[in-house]
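Reviewing the structure listed below.
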Amino acid sequence: METTQTFKFGLDSFGDIPVDDDGKLMSHAGAIRQVVEEAILADKLGVDVIALGEHHRHDFSISSPETVLAGIATRTKNIKLASGVTVLSSDDPVRVFERFATLDALSNGRAQIILGRGSFTESFPLFGYELRDYELLFEEKVELMAQVLKEKPVTWTGTTRHALAGAEIYPKTESGRIHTSIGVGGSPQSVIRAAKYGFPLMLAVIGGSPERFIPYIELYKQAGEQFGTDTSEIGIHSPGFIADTDEEAVEIAWPNHKINFDRIGSTRGWPPMKREHFDEEVAKYSLYIGSPETVAQKMAKTIKALGVNRFDLVYGGGPMPAKARLHMIELYATKVIPRVKELLAESDGISGKTK
Amino acid sequence: MAKQNKNLTIVGAGKLGIVLAQLALKAGYTVYVSGSGSPDKIRLSVEVLAPGAHALTLADATKRSDIIVLALPLGKYQSVPKDMLAGKLVVDAMNYWWEVDGDRDDLRNPETSTSELVQSYFDTSRVVKALSHMGYHHLLDETRPVGAPNRKAIAIAGDNAADNQVVAQLINDLGFDPLHIGQLSAGRWLEPGHEAFGANVDSDTLASYLHDLPPSYAAAVT
Ligand SMILES: NC(=O)c1ccc[n+]([C@@H]2O[C@H](COP(=O)([O-])OP(=O)(O)OC[C@H]3O[C@@H](n4cnc5c(N)ncnc54)[C@H](OP(=O)(O)O)[C@@H]3O)[C@@H](O)[C@H]2O)c1
């Protein structure tokens, strides 16, 4: 069935720092090499895409996803290599293109970009941007990025970067186009922006019910109709963890999820996470944590409800044992993905639905 | 009890504003929404996400209802002309969020609640703090009918009992138990950095999160 054949399964990492076999926190360098090993395993087991997020903070090792992806490129064959996300507001669209076009060359056309505003703001003071300009920065840079991606001479003027007049940007890619999406949270304006430029949509659903995004998908499609753009590609990205049993998955994920959440929450003024709320997210909402069967059922339910064609599982939040992360990837690739495909095919069969 | 006005104006058509519009429509309100600029900018979002709500300019939207919810970034509250809200009951749902508002000394003063700043700017309006502590996704997911078990609570801080009552009715209509916590100054205990911030819990639990609220702030309002 077409739905299941074209469906893409991804893994997303922010380069969280894992602990080694002795329970010792790895170095940033070690954490980066760990992600490379994980991507190699994911490639071997047939996962469609690995997406690496850009962060500039001590608890995440990856600040330059495309450099890590370039390392992965030379040691993998099929897996698509994506950022997730590239914080465009504090970057230069021309440089972003140059780096990903280079990655595309090294990987024989496997580079992908997910543009976003990012959920953190460390890059702003680091690179000399004002937080209060973030809306304008993103708006202008998406506009420029959309032009640069056409791989034709670029003419552009704006207020956040100096103008370009007929500039050629190199290297050109072999396909003529780097696959580029926009990652959005719950902001309607961002959804419309993605449709305006015809970028595929990646919904970041990190809490609450995924079904609440159904109207946002409708908004994306209707906006696409108004702008005359293609809005057929829609993905979702949500956090999760898989172990052999539900109990084991929760036992490993809970303390790590809490550490992760509390560390981020403390800078935003959220009180420490309570166990009830974690349990509620796992039971009802957007934490895909459990045995392969539990996670597959939950993923299939979301995929069917939203009608998306890509699901990226964000893994490894907090200082998890490196071994548990590798085992999770193995279970994701060998048990969860085939099971989700089966569940989707079953329901396609029942409804006779073709997409 | 004050007669409930079934019109509601929401300033801000972002994550929170849209969810509040959805909930109010479900509760049978006539809903008016405005963003910062032309209604054209938000029309499609409002039509698709909150069908039935009216996208208007700020000047138009604020005329349509006696209750105005502020759901824009706190850092921009002074961009709403205060005359437009004269005589209105203003529900302040805003929080100081440095990642959006930038580093702002004026919004970070630990001695006053940000709602008091909002009140002193809108000095011809009556400001009540509410609908600020629960994440927008929880607001959408967690509504329950009156009397349902584990109905979630929304705190209210305001200086005038009649106004608090009107806001309590609104919250009840939207699907939550209202919890009066005290004067507007008590709103500080709902802000980021306090235990109640982010709370998505029932009334008793929410009350327990406010254990460090000094009695003088919680004092009954007149
Ligand atoms: N997100 C939550 O879970 C949540 C929960 C409780 C409280 N809050 C508070 O609610 C407020 C809004 O948050 P949000 O997450 O909804 O932000 P958001 O998604 O960024 O939306 C903000 C909205 O405010 C509009 N706006 C900006 N300046 C305006 C002005 N001068 N007049 C009218 N509208 C204006 C923006 O429209 P333009 O695009 O036209 O500028 C945008 O639609 C914040 O104070 C936040 O702390 C948020």
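The values are calculated or read from the model by the stated rules, or taken from the named source; none is laboratory data. The structure presented is a predicted model; accordingly, all values stated were derived computationally and were not measured. FYI the Cβ positions are ideal-geometry reconstructions off the backbone, even for glycines, and counts take in every protein chain you see.
Observations on the structure shown:
- The residue pairs whose first member lies in the range A:267-284 and is of a type in the set (Phe, Trp, Tyr), whose second member is surrounded by 14 or more Cβ atoms within 10 Å (Cβ to Cβ) and not in a helix (DSSP H, G or I), and whose beta carbons are closer than 8 Å, counting only pairs six or more residues apart or on different chains, are A:Trp270/B:Pro192; A:Trp270/B:Phe197; A:Trp270/B:Gly198; A:Phe278/A:Leu287.
- Condition met for A:Ile214 (surrounded by fewer than 17 Cβ atoms within 10 Å (Cβ to Cβ), under 30 Å from A:Ala146 (Cα atoms) and aliphatic (A, V, I, L, M)): yes
- Selection count where residues are among the polar types (S, T, N, Q) and either within 11 Å of the ligand (Cβ to nearest atom) or within 14 Å of another protein chain (Cβ to nearest Cβ) (or both), scope the range B:59-74: 1
- Residues of the range B:120-154 satisfying the condition of being within 14 Å of chain A (Cβ to nearest Cβ) and within 13 Å of the chain's Cα centre (by Cα): B:Ser132, B:His133, B:Met134, B:Gly135, B:Tyr136, B:Leu139
- Screening the range A:107-172 for strands (runs of 3 or more DSSP E) wholly inside it with 2 or more residues that are in contact with an Asp or Glu (Cβ under 9 Å, 6 or more places away or on another chain) returns the ranges A:111-116, A:154-156.
- Any hit, the range B:90-101, residues being within 11 Å of the ligand (Cβ to nearest atom), away from every other protein chain (no Cβ under 12 Å) and more than 14 Å from the chain's Cα centre (by Cα): no
- Restricting the range A:267-278 to residues that are in a helix (DSSP H, G or I) and more than 9 Å from chain B (Cβ to nearest Cβ), the residue that is surrounded by the most Cβ atoms within 10 Å (Cβ to Cβ): A:Phe278
- Candidates B:Lys129, B:Lys82: the one that is more than 10 Å from the ligand (Cβ to nearest atom), without any contact (Cβ under 8 Å) to a residue 60 or more places away in the chain and under 17 Å from B:Thr9 (Cα atoms) is B:Lys82.
- Residues in the range B:92-126 that are assigned to a loop (DSSP other than H, G, I, E, B), in contact (Cβ under 8 Å) with a residue 60 or more places away in the chain and buried (at least 19 other Cβ atoms within 10 Å of the Cβ): B:Ala93, B:Asn95, B:Tyr96, B:Ser113.
- Given (1) surrounded by fewer than 15 Cβ atoms within 10 Å (Cβ to Cβ); (2) at pLDDT below 95, number of the condition A:Asn78 does not satisfy: (2)
- When the helices (runs of 4 or more DSSP H) confined to the range A:285-355 are screened for residues that are under 29 Å from A:Asp262 (Cα atoms), those reaching at least 1 such residues are found at A:292-306, A:322-331.
- Looking only at residues of the range B:155-169 that are out of contact with any Pro (no Cβ under 9 Å at 6 or more places or on another chain) and aliphatic (A, V, I, L, M), we find that the one that is farthest from the other protein chains (Cβ to nearest Cβ) is B:Ala162.
- Count - residues of the range B:1-58 that are away from chain A (no Cβ under 14 Å), surrounded by fewer than 24 Cβ atoms within 10 Å (Cβ to Cβ) and among the polar types (S, T, N, Q): 5
- Subset of the range B:19-57 (residues that are touching a helix residue (DSSP H, G or I) at 6+ places or on another chain (Cβ under 7 Å), part of a helix (DSSP H, G or I), free of Cβ contacts under 8 Å to residues at least 40 places away in the same chain and within 10 Å of the ligand (Cβ to nearest atom)): B:Ser45
- For the range A:69-98, a residue qualifies if it is part of a strand (DSSP E or B) and touching a residue at least 60 places away in the same chain (Cβ under 8 Å), and the qualifying residues are A:Lys80, A:Ala82.
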